[in-house]
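The values are calculated or read from the model by the stated rules, or taken from the named source; none is laboratory data. As the structure is a computational prediction, the values presented were derived from the model and not from experiment. Neighbour counts run over all protein chains shown; Cβ positions are idealised from the backbone, glycine included.
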Amino acid sequence: MSRVKLNTHAPEFTATDFNGSWVSLSDFTDRMNVLLVLNRGFS
(Lines give C-alpha, C1' and ligand atoms only; values in the text may rest on other atoms or scores of the structure.)
Protein backbone atom coordinates (compact mmCIF):
# COMPACT_ATOMS: atom_id res chain seq x y z
CA MET A 1 0.00 0.00 0.00
CA SER A 2 1.33 3.43 -0.88
CA ARG A 3 1.75 6.18 1.67
CA VAL A 4 -0.75 9.00 2.02
CA LYS A 5 0.46 12.28 0.56
CA LEU A 6 -0.68 15.66 1.83
CA ASN A 7 -2.61 18.09 -0.37
CA THR A 8 -3.57 15.50 -2.99
CA HIS A 9 -6.95 14.18 -4.08
CA ALA A 10 -8.13 10.90 -2.60
CA PRO A 11 -8.46 7.99 -5.02
CA GLU A 12 -11.97 7.05 -6.14
CA PHE A 13 -13.56 4.24 -4.12
CA THR A 14 -16.96 2.64 -3.58
CA ALA A 15 -18.09 1.06 -0.32
CA THR A 16 -21.29 0.17 1.51
CA ASP A 17 -22.73 2.48 4.15
CA PHE A 18 -24.34 1.44 7.42
CA ASN A 19 -27.61 0.78 5.58
CA GLY A 20 -25.94 -1.51 3.04
CA SER A 21 -26.28 1.02 0.19
CA TRP A 22 -23.36 1.56 -2.18
CA VAL A 23 -21.67 4.96 -1.84
CA SER A 24 -18.83 6.36 -3.97
CA LEU A 25 -16.43 9.16 -3.15
CA SER A 26 -17.60 10.90 -6.33
CA ASP A 27 -21.07 11.21 -4.74
CA PHE A 28 -19.56 13.93 -2.52
CA THR A 29 -17.72 16.05 -5.08
CA ASP A 30 -19.64 19.18 -4.08
CA ARG A 31 -18.61 18.85 -0.42
CA MET A 32 -15.65 20.55 1.22
CA ASN A 33 -14.66 17.63 3.48
CA VAL A 34 -15.53 13.95 3.62
CA LEU A 35 -14.85 11.80 6.68
CA LEU A 36 -14.47 8.05 6.23
CA VAL A 37 -14.67 5.89 9.35
CA LEU A 38 -13.64 2.24 9.14
CA ASN A 39 -14.94 0.14 12.01
CA ARG A 40 -13.44 -3.22 12.71
CA GLY A 41 -15.34 -5.75 14.76
CA PHE A 42 -13.57 -7.32 17.71
CA SER A 43 -14.62 -10.69 18.96
Flagged pairs (Cβ under 7 angstrom, 6 or more apart or on separate chains; first in the range 13-41, free of Cβ contacts under 8 Å to residues at least 60 places away in the same chain and small (Gly, Ala, Ser); second assigned to a loop (DSSP other than H, G, I, E, B) and exposed (fewer than 10 other Cβ atoms within 10 Å of the Cβ)) are SER24/GLU12; SER26/GLU12
Scope the range 16-43; condition of a type outside the set (A, V, I, L, M, F, W, C) and surrounded by 10 or more Cβ atoms within 10 Å (Cβ to Cβ); matching residues: SER24, ASP27
Return the residue satisfying two criteria in turn: it lies in the range 1-27 and is among the β-branched types (Val, Ile, Thr) and within 17 Å of VAL37 (Cβ to Cβ), and of such residues it is modelled with the lowest pLDDT. VAL4
When restricted to ALA15, ALA10, the only residue under 11 Å from the mean Cα position of the chain (by Cα) and assigned to a loop (DSSP other than H, G, I, E, B) is ALA10
